[in-house]
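The block underneath contains the structure these notes are about, expressed in structure tokens.
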Amino acid sequence: MSKRLCKCSVLVLVMAYAVGLRAQSGQIPIKPGLWQTTVNGTSSMAMSPDMEAKIAAMPAAQQEMIRSRMGGGSPTKVTTKSCVAEATSMDSLMNQAQQKNTKCTFTNRVQTADGASFDTSCVSPQGTASGHAEFHMSDSEHVTGTIHMTADMTGRSGGTTHMTIDNKMSSTYQSTDCGTVKPGSAEVVQ
């Protein structure tokens, strides 16, 4: 679960940084450098009946382990540090957010002097995902936002899993020096 949230926090920070690059009423100065982002979220999964039957046939301890990794709506929290390098446009940042074998489109983009929102739809060999994100920048060192996503993924055995993910994020500028954190990546702090 934390690996998924970590990837999401990189996307969140990239999108939050994009807010400052091309705001319709002028540029907002977001500082390049090290940012710390905390993502609080919930996720839930609904599996196909055949997948549920396979899990039900497992020993109790194994069932518990698998179900605990499925989210079940329980709150999760991950804090990462990310390095924001200079970028030229929201489009280039959104292109950076693309993952290997995943094609995402961004629509209904709205930018203001202190925020942005957009819808996204992604397709990968494993399935599809779509969602809505909103970000607000109170100043050049603080960004908050929310992301709601739903996904339908096909597992190796062919069963389909439906996921719902809701995240709230808060990102704070730390330093001009990114240290060991490379641009476009994130290191989990907690």
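The values are calculated or read from the model by the stated rules, or taken from the named source; none is laboratory data. Being a predicted model, the structure only gives us computed values, none of them experimental. Neighbour counts run over all protein chains shown; Cβ positions are idealised from the backbone, glycine included. SASA here: full protein model, heavy atoms, side chains in, ligands and nucleic acids out. Shrake-Rupley method; radii C 1.70, N 1.55, O 1.52, S 1.80 Å.
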Descending semi-axes in whole angstrom, ellipsoid equivalent of the stretch 107-190, from the Cα gyration tensor: 29, 19, 11
Heavy-atom accessible area per residue, the stretch 108-190, 1.4 Å probe: how many Å²? 54 Å²
Other residues with Cβ under 12 Å from the Cβ of residue 175 give, with Lys and Arg +1 and Asp and Glu -1, a net charge of 0
